[in-house]
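The next block holds one structure in the form of structure tokens; read it before the comments.
Any read-out appearing in this document is the output of simple, stated calculations on the displayed coordinates, not a laboratory observation. None of the values given here were measured: they were computed from a predicted structure. When we count neighbours, we look across all protein chains shown, and the Cβ atoms used for this are built from the backbone with ideal geometry, even at glycine.
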């Protein structure tokens, strides 16, 4: 019942089914992320650092504030991430061309190499797993990738 009115059974089923799907999907994504994250035994960066590097690789150089916004973290947290990545030689910090108070963060050659190595390790593992699926399962996953991509591309 909602507001004293009887809710149709179909609504209850859809709501329950949607909640169950949300829970199952969230758990599957977390487990998949764990598998993908641990592909390289020699990984030298955290998942947070790797995510920042991947964003810089995909979107190009940007200010720490822009990177923090893209990563959905607070600017002081991103400042610490950038400092640690700079210490590792994975990013370069240069003065902003028009705002002397800002810097621009970009991937170094080592940062590009690390991102490429991470991607190759993840793709090799995933390719091996996908090889065991039949054509129908692969088609289902292709559709799911498109849907999940659209879900995460939306602005909150």
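Peptide packing: for 132-139, 52-59, the average count of neighbouring Cβ atoms within 10 Å per residue gives the ranking 52-59, 132-139, highest mean first.
Scaled to the globular estimate 2.2 N^0.38 Å, the Cα spread of the stretch 24-156, given as radius of gyration, is 1.21. For 72, 129, the sequence from fewest to most other C-beta atoms within 10 Å is 72, 129. Roughly what angle does helix 109-130 make with the longest principal axis of the chain, taking Cα atoms, 0 to 90 degrees, to the nearest 10? Once rounded, one gets 30 degrees. Relative to the longest principal axis of the Cα atoms of the chain, helix 9-37 runs at roughly 30 degrees. Taking Cα atoms only, the orientation of helix 47-59 departs from the longest principal axis of the chain by about 80 degrees. Hull volume per residue, based on the alpha-carbon atoms of the stretch 72-130 and their convex hull, is 122 Å³.
Under a Gaussian network description of the chain, with springs only between Cα atoms under 10 Å, the residue in 95, 64, 75 that fluctuates furthest is 95.
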